[in-house]
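Engineer: Before anything else, here's the structure in question.
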């Protein structure tokens, strides 16, 4: 058996150290640049917990947090399954939040006219790309929902087939 054992990696001219190795830890030099568009970090959550509301906002997930590694963007991807609207005159508003305040309205009248109580299989998906964010800063995201038309009950179902996911991806700039 053969192997290569090093404690540092240098550029072709042998003048710049690109990485150092200590035990099982590799540390990249601060001059190492990742290509634009590369995914640097991913945080995600999923749940199938029952959640219902009328005309007051309720969070769909527990807050998802990501600390940026540089001045990059975050791609937020959400998939919400098992949506139920009990009144054909009701409609659901989904908002992307920073954990406490709405930062983007995703839709205002999802399911309007559907009266889907007997068929709780509605799904809603979205993607949201932030602008360039500050480096080494923690950002929080969640999704809230409510009935935006009247005070009838709306819900995201709690059966195990109705999984909802929220994923954050830091994208290199």
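The values are calculated or read from the model by the stated rules, or taken from the named source; none is laboratory data. The shown structure was predicted, so the numbers you read here are calculated from the model rather than taken from an experiment. So basically every Cβ, Gly included, is an ideal-geometry build from the backbone, and we count neighbours across all protein chains shown.
Engineer: Among the residues of the stretch 53-85, what is the count of those that are farther than 15 Å from residue 129 by Cα and outside any strand (DSSP E or B)?
Structural biologist: Total satisfying the criteria: 10.
Engineer: Evaluate the stretch 58-81: report whether one residue or more is modelled with pLDDT of 85 or more, out of contact with any strand residue (DSSP E or B) (no Cβ under 6 Å at 6 or more places or on another chain) and over 24 Å from residue 169 (Cβ atoms).
Structural biologist: no
Engineer: Scan the stretch 147-173 for residues that are at pLDDT 95 or above and within 18 Å of residue 60 (Cβ to Cβ) and report the count.
Structural biologist: Result for the stretch 147-173: 4.
Engineer: Sort through 124, 94 and tell me the only one that's assigned by TED's automatic domain parsing to the domain that holds residue 143, at pLDDT 95 or above and over 26 Å from residue 173 (Cβ atoms). Let's see the steps before the verdict.
Structural biologist: Numbers: 124 fails: at pLDDT 95 or above.
Exactly one residue qualifies, and that residue is 94.
Engineer: Kindly evaluate residue 85 against the criterion of being crowded, with 16+ Cβ neighbours inside 10 Å and either touching a residue at least 12 places away in the same chain (Cβ under 8 Å) or out of contact with any strand residue (DSSP E or B) (no Cβ under 7 Å at 6 or more places or on another chain) (or both). Before you say what the answer is, go through the steps one by one.
Structural biologist: Numbers: crowded, with 16+ Cβ neighbours inside 10 Å: yes; either touching a residue at least 12 places away in the same chain (Cβ under 8 Å) or out of contact with any strand residue (DSSP E or B) (no Cβ under 7 Å at 6 or more places or on another chain) (or both): yes.
When the stated conditions are applied, residue 85 passes them.
Engineer: Could you list, in sequence order, the residues of the stretch 1-52 that are within 30 Å of residue 131 (Cα to Cα), without any contact (Cβ under 8 Å) to a residue 12 or more places away in the chain and in a loop (DSSP other than H, G, I, E, B)?
Structural biologist: Of everything in the stretch 1-52, those that are within 30 Å of residue 131 (Cα to Cα), without any contact (Cβ under 8 Å) to a residue 12 or more places away in the chain and in a loop (DSSP other than H, G, I, E, B) turn out to be 30, 33.
Engineer: Those residues that are closer than 21 Å to residue 155 by Cβ and in a loop (DSSP other than H, G, I, E, B), I need them from the stretch 86-99; list them, please. Spell out how you get there, then give the answer.
Structural biologist: From the stretch 86-99, those closer than 21 Å to residue 155 by Cβ are 86-97; that's our starting set.
The answer is 86, 87, 88, 89, 90, 91.
Engineer: Just to be sure, is residue 12 more than 30 Å from residue 93 (Cβ to Cβ) and modelled with pLDDT under 95? Lay out the reasoning, then the answer.
Structural biologist: Numbers: more than 30 Å from residue 93 (Cβ to Cβ): yes; modelled with pLDDT under 95: yes.
So residue 12 passes the test.
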